[in-house]
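What follows is a single structure, written as structure tokens, with notes after it.
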Amino acid sequence: MLTLDLTNAPRWLDLLPGVRLQLRPLTTALMVSARSDAAIQALPPEAGPEELAMIMAKAVARRAVLDWEGVGDAEGNPVPVTPEGIDALLDIWPAFDAFQSAYVAKWLLLEQEKNVSAPSPSGGSAGAIATAKPARPAKATGARARIARRG
């Protein structure tokens with residue numbers, strides 16, 4: 001069952017031990033905005049799915065992350081949320097993987113549900129066309145073959 005959450009309140013996501021992000025709800029508007037990100041538009045046609053996934057995750061995160069805790073500079077001082085900081089955070093594999101799994105994957109699962117084929121109007125295979133030749137009748141073997149030859 002799909003549960004509708006009609007609140008637009010930001011939520012905290014525990015990304016990694018000691019690191020959490022305050023995120024906007026992942027809405028269609030946010031995803032559409034991310035898809036039109038300049039970095040995505042600049043991708044060459046031959047870009048692979050891995051490159052697209054990384055650039056898309058960063059585009060989504062730049063729009064979704066409102067605040068964070070547990071992110072600091074080389075001296076351990078907390079740093080403010082910036083687009084460059086978000087990109088640097090997602091360049092760390094465990095952070096990227098956790099963000100994709102815990103935040104983006106929920107939206108992608110809903111998108112996948114829309115991509116299934118609808119059944120034919122009269123049932124699952126009513127509109128299907130047979131493409132295989134019918135099987136030949138089975139030949140009698142063993143005892144049945146001996147009886148057929150005698151009789």
15 Å beta-carbon shell around ALA95, net charge (K/R +1, D/E -1): -3
Local net charge near SER33, Cβ-Cβ under 12 Å (Lys/Arg +1, Asp/Glu -1): +3
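Around ILE55, under 15 Å between beta carbons, what's the net of Lys plus Arg minus Asp minus Glu among the other residues?
Working: positive: ARG35, LYS58, ARG62, ARG63; negative: ASP37, GLU46, GLU50, GLU51, GLU84, ASP87, ASP91.
It works out to a net charge of -3.
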For peptides 97-103, 29-35, 70-76, 57-63, sequence by mean Cβ density within 10 Å, most packed first: 57-63, 97-103, 29-35, 70-76
Cα-based Rg of the stretch 11-113 normalised by 2.2 N^0.38 Å, two decimals: 1.07
Residue order, fewest to most beta carbons within 10 Å, for LEU21, LEU43, LEU90: LEU43, LEU90, LEU21
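Taken together, the values in this text are just the output of simple stated rules run on the coordinates, not laboratory data. Everything quoted here is computed from the prediction, not taken from an experiment. All Cβ positions, glycine included, derive from the backbone under ideal geometry; neighbour counts span all protein chains shown.
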